[in-house]
Amino acid sequence: MGVAAVGAVRRTAGVEAALKWPNDLIVPAGRRAEPAEGDGKLAGILAEADLFSDAPAVVIGMGLNVSQTRDEFPVPTAVSLRSEGATELDRSVLLGAVLGEFEELYTVWTAAKGDAEASGLAPLYRELCSTVGRRVTVHLPDGELLETTATGIDDEARLVVSGPDGERALNVGDVVHVRPSA
């Protein structure tokens, strides 16, 4: 869904969105419409899986900020397509573009029998993920705080980080992109 949303936002609205591992759409600081110190969060994606029923399914929800102005957001890191100078704000057009992109990616993924590497989905995710190569702070569920460098996304969609204690693959955590020091 993230890859589909980035493609649709770029193509339809003209906003240079990217992915933040694992499930956010952002506009990286260097691509923002106005100079900004940090990334702007454009959308969040959540998924709920039911893999044990007779008809396994995943329900995906996405909140995409479309027309809010800067002063309407509760946090300074949020942005909208409007605040980023979007060329298209019609929600029907945006939804159609997101669903169209999702359908194309899903069709290729299912043809590859769910293999994200073989379908090209995993390499595309890695290409669009602005977390890779950045200094990050990762808040882990057990309260551990990692200050490290994100070095990649592995074949299980885990964030690979490298720090003083070596390399580690994370499948969960709240990632904060650390601003480069001046």
Provide the gained length on full extension for the span Ser92 to Ala36, in nm with one decimal, where the gain is 0.36 nm per separating residue minus the Cα-Cα distance.
-> 17.2 nm
Enumerate the amide H contacts of Cys129 below 5 Å, restricted to partners 5 or more residues apart or on another chain; note that Pro and chain-start residues carry no placed amide H.
-> Leu19
Taking H placed 1.01 Å from N in the peptide plane, check which residues at least 5 places from Asp39 or on another chain put their amide H under 5 Å from its amide H.
-> Ala29
Checked the chain with the C-alpha gyration tensor, a ≥ b ≥ c its square-rooted eigenvalues, rounded below a/c of 1.5, otherwise prolate if a/b is larger than b/c and oblate if not; verdict oblate
Can you tell me how much longer the chain between Leu99 and Ala29 gets when fully stretched, taken as 0.36 nm per residue apart minus their C-alpha distance, in nm with one decimal?
-> 22.5 nm
Counting helices only, and only those DSSP H runs with n ≥ 4, report the 222 nm mean residue ellipticity of the chain as the sum of -39,500 (n - 2.57) divided by its residues, in deg cm²/dmol to the nearest 500.
-> -6500 deg cm²/dmol
Enumerate the amide H contacts of Ile153 below 5 Å, restricted to partners 5 or more residues apart or on another chain; note that Pro and chain-start residues carry no placed amide H.
-> Val160
Cβ charges +1 (Lys, Arg) and -1 (Asp, Glu), total dipole of segment 135-177, debye = 140 debye
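Each value in this text was obtained by applying a stated rule to the coordinates, not by laboratory testing. Not measured: the values here are computed from a predicted model. Neighbour counts run over all protein chains shown; Cβ positions are idealised from the backbone, glycine included.
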